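FYI, it's all coordinate maths here, none of it is from the lab. Owing to the predicted nature of the structure, the values given are computational and were not obtained by experimental measurement. Note that we place each Cβ from the backbone using ideal geometry, even for glycine, and neighbour counts take in every protein chain shown.
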Amino acid sequence: MAKQERAIATRENILQAGARLFSRKHYEAVRIAELLAEASVTQGGFYFHFPTGKKGVAEELILRQDGRLTAVREAAVADADLDGLSALILFLRRIVTEIEHDIVMQAGLRLVIQAAENFPEVAHMPHPSWNAAIEGALMKAQADAVLRDGVDAVSTARALVLLFIGAQTSSFINDQWRNASATADVLVQFILTSIAAPGFVPADDGVTEA
């Protein structure tokens, strides 16, 4: 294996080790010695890749978690074949699945929830782009005539983002996201009963809207 490839592999190994630890423990409770043991790297090798220590690992995990959230969100809302509400529902279900099963997602979210003050440059909840993206999906839903009359896209987008954050924070506190999919079900039901046009059925369910 080339030297550069080994360096990339070592860095990734450290990040995955950090994800395993930070997904289980508070940031302050994780010691450098634990990271070294979990990643099976020397102290010199660790600090070569992360000169700022565990903070650097944590910041990278937060950025990766945020990047994955953004990628899933953008893939859903950019699907031209879906109406705005179906895209929004698809995003909710996909992202909750990621949170339930991906330790990088869990580690990044836990770091933001529990220790955001340590990472002011990267820890944001919600990310500034979220409100605009969800608002865009609701505006598309309005144009597709699947949004209930009288629903304001701007204020509703902000409310949905805050509801999602609250739901996932509650899921973390209650059972470390083991049943996170239940929170998506609640949010989807809220969308269907509160802001969707009467008779709307998500295209994602394989049924066209009424």
Connecting C-alpha atoms closer than 10 Å in a GNM of the chain, tell me which of Thr70, Thr52, Thr169 has the biggest fluctuation. Thr52
Starting from the Cα of Lys3, draw a straight line to each of the lysines and keep only those under 26 Å, dropping any in the same chain fewer than 8 residues away. Lys54, Lys55
Distance (nanometres) between label positions extended 7 Å along Cα→Cβ at Ser170 and Val201: 2.9 nm
Below 8 Å, C-alpha to C-alpha, sequence gap of six or more: please give me the relative contact order for the chain in percent. 21 percent
Between Ala7 and Glu34, what is the spin-label point distance in nm, taking each point 7 Å from the Cα along the Cα→C-beta axis? 3.0 nm
Out of (i) 18.5; (ii) 17.2; (iii) 19.6, which label holds the value of Kirkwood radius over Cα pairs in Å that was computed here? (i)
